[in-house]
1. Can you find a residue that is surrounded by fewer than 23 Cβ atoms within 10 Å (Cβ to Cβ) and over 23 Å from A:VAL288 (Cα atoms) anywhere in the range B:124-140?
2. Would you tally the residues in the range B:306-316 being buried (at least 21 other Cβ atoms within 10 Å of the Cβ) and within 22 Å of B:GLU339 (Cα to Cα)?
3. Residue check, B:VAL21 against (1) in contact with a Leu (Cβ under 9 Å, 6 or more places away or on another chain); (2) within 10 Å of chain A (Cβ to nearest Cβ), all met but one. Which one?
4. Report whether or not A:SER91 is surrounded by fewer than 24 Cβ atoms within 10 Å (Cβ to Cβ), over 16 Å from the mean Cα position of the chain (by Cα) and hydroxyl-bearing (Ser, Thr, Tyr).
5. Would you check if A:GLU174 is outside any loop (DSSP other than H, G, I, E, B), surrounded by fewer than 19 Cβ atoms within 10 Å (Cβ to Cβ) and either at negative phi or in the same structural domain as A:ILE97 (by TED's automatic domain parsing) (or both)?
6. Only one of (1) hydrophobic (A, V, I, L, M, F, W, C); (2) within 14 Å of another protein chain (Cβ to nearest Cβ); (3) assigned to a helix (DSSP H, G or I) fails for B:ALA8. Which number is that?
7. Mind counting the residues in the range A:317-341 that are more than 10 Å from every other protein chain (Cβ to nearest Cβ), surrounded by fewer than 16 Cβ atoms within 10 Å (Cβ to Cβ) and farther than 18 Å from B:GLY162 by Cβ?
8. Quick check on this structure: which one of B:VAL217, B:VAL234, B:VAL210 is among the aliphatic types (A, V, I, L, M), surrounded by 22 or more Cβ atoms within 10 Å (Cβ to Cβ) and without any contact (Cβ under 8 Å) to a residue 40 or more places away in the chain?
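The values are calculated or read from the model by the stated rules, or taken from the named source; none is laboratory data. All of these numbers come straight from a predicted model, not from anything done at the bench. Backbone-built Cβ (ideal geometry, glycine too); neighbour counts: all protein chains shown.
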There are 2 protein chains.
Amino acid sequence: MSAAPEIAVPDRFAGLIGQAVAAIDTPALVIDLDAMDRNLHRMADFCLARGMRLRPHAKMHKCAELALLQMAHGAVGVCVQKIGEALALASKGVGDIYVSNEVVDPRKLARLATAVRTGGTRFAIAVDSLVGIQHLAQALAHAGVSAPGAIDVFVEIDVGHGRCGMAPGVPAGELARTVVAQPVLRFAGLQAYHGAAQHYRSADERRATVAAATQAVRATCDAIEAMGIAVPLVTGAGTGTFIHEAASGVWGELQAGSYLFMDADYAANQADPAAPAFEHALFVKSQVMSRPQGRAVVDAGHKSHAIDSGLPRVWLPQGLDFANGGDEHGVLRGAHLPELGETVWLVPGHCDPTVNLHDVMVGVRGGLIAGRVERLLPVDARGALG
Amino acid sequence: MSAAPEIAVPDRFAGLIGQAVAAIDTPALVIDLDAMDRNLHRMADFCLARGMRLRPHAKMHKCAELALLQMAHGAVGVCVQKIGEALALASKGVGDIYVSNEVVDPRKLARLATAVRTGGTRFAIAVDSLVGIQHLAQALAHAGVSAPGAIDVFVEIDVGHGRCGMAPGVPAGELARTVVAQPVLRFAGLQAYHGAAQHYRSADERRATVAAATQAVRATCDAIEAMGIAVPLVTGAGTGTFIHEAASGVWGELQAGSYLFMDADYAANQADPAAPAFEHALFVKSQVMSRPQGRAVVDAGHKSHAIDSGLPRVWLPQGLDFANGGDEHGVLRGAHLPELGETVWLVPGHCDPTVNLHDVMVGVRGGLIAGRVERLLPVDARGALG
């Protein structure tokens, strides 16, 4: 049998920098860099004015270049949820990374310990169990890391979300005491995040939920301080509630991430007058590829945009409804339907898992209509699940 | 400034072949190869007994090795939905690929035309518009492809799903005539697929829907044959309905894909006595990483498994309910909760978009408890959206 000719897989974004937006192959994840920059500055200004540390959640964009951009605009570092994400960003030069999530698996912790030993990036991690603390200390010991406070450790408390976290008050204090007893670990404070509250539509409900969380944080700080242990920092908050954590007097660091891109789900929240107004900066560019009577079908389905927080909104052309067409299609209806080959811009329902579906984000300057491609931003930590 | 030490990104599946299942880092997509092989043979036997061509949908597994395995067991080739998927699989040696979806963008069609010119793989594509046919013929001409029937073209008809597809009967016939008028295109027949029917829970409703679709197909074949054009083949069907298309007398080729892995959504369909019983063969291996009072939190959320067709089912340990914990978490409740560090096996709600979240599938032999890793299967066309 003779060898078959070799078929190449073309890079559909090759040579795109400097081209008009029309040249972007679909479906593609596109960042409106002008809108993103405005969001970047609005949040940086907010934190500066309030004297708050900002540590944006990079689980949202998974992109080292954007993490470094945020840090160049005042962020102290970034958060991630997985050690795989942390290592992907650290390998691209991000120098301060907090895994704001629990890891108990010794093999995973060994990977983190190796990176701590290598140096170059300051790491932090959350814990909510004795096992987690023991395994972390053992992993550092096995890796030969013995410098006092080689890694920052936050004790996570459950402030009402009902996911991870130790019970507030004395139980969390006992964990803090265990952290303090391990010299290689630096007790850095408390992780206190109410994920569900981010998406409560009512501004009053969000405020009330953070008020209750504030009581839980305060009680825990009191319990820990009664043990003679200082609580250096309380970290948490997201794009839906950060103004309340900032005003609480207990949080010192904000972890909002979605503000940079602003998805359809956050935009559906009742606005809070005290919060900066963020703009949509992340879009899926799609194309009409079928045009039966009464509908237009685009080439973007839920392999292009996550639908866990609802379907995408049609941004342009206006006046169209998006119905789920499955993995690879979206079905549009409306009075004025676009024709075959026309471009349709979508605002994803939820930016984090949408970004995770793409290898590259296409950054454009000058708007979605008349703009040009300025840069390609790799999703460095895409699929970094472990 | 001195150069920072370089942090490496470890390959968390390196050295895994031959290891026990316990060695698989979480979250991971794991194939029970024994169950998959049984599914493979059940479908191959069904098609052989019915004299049906099988062209499994590779949009499900996106893996050249699995496509070749299916073809080694009688499949005539595979389907995909995107030219990017087709090229990814063709570059790994898959020799017969049908893009069972419409593509009208000249740049995309140019990529396909280049691959047609290169040879080594036989391609087919669906059309439902004059524009699609014209752009395809132009792309082939630009690529210098002029051999008669260089690519197979199926005219898609809408058999009731309401997504893509020309209206059945004479309108579809007119498109077929346009295809026949282009010598470089070979009119290969009709694409007729009712996606929604795959997931109707009632076996009767699925049967009735395919019966109605059969009438639409028959009317279209009649209209085309009345124009003096032969309809060589009708292709379509999925894992939920293929027994009805096989019995219809009009379909000659089945496109079922999910049968190989069998997800929770398909398992929720009322069983059809005439259909082979497929087993779950695709699992997400997850780990308990937080264990607050009354719940266990695993490290797999909807960045590990797609939830468009519902949440995953907990497979092992038994008796646990899975609640959505967001992008990176699942929250388990039940009478006997697993402890920190324990393994939890999940059956994804929908296999296609779940596979698309992973770079690698870990194939194990000998069961999920006592088995060993036999092979790592790359998801070659992951993220091939364009």
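1. No; the residues of the range B:124-140 include none that is surrounded by fewer than 23 Cβ atoms within 10 Å (Cβ to Cβ) and over 23 Å from A:VAL288 (Cα atoms).
2. Qualifying residue count for the region: 2.
3. That leaves (2) as the condition not met.
4. Yes.
5. On the way: outside any loop (DSSP other than H, G, I, E, B): yes; surrounded by fewer than 19 Cβ atoms within 10 Å (Cβ to Cβ): yes; either at negative phi or in the same structural domain as A:ILE97 (by TED's automatic domain parsing) (or both): yes.
The answer is yes for A:GLU174.
6. (3)
7. Matching residues across the range A:317-341 total 4.
8. Working: B:VAL217 fails: without any contact (Cβ under 8 Å) to a residue 40 or more places away in the chain; B:VAL234 fails: without any contact (Cβ under 8 Å) to a residue 40 or more places away in the chain.
Exactly one residue qualifies, and that residue is B:VAL210.
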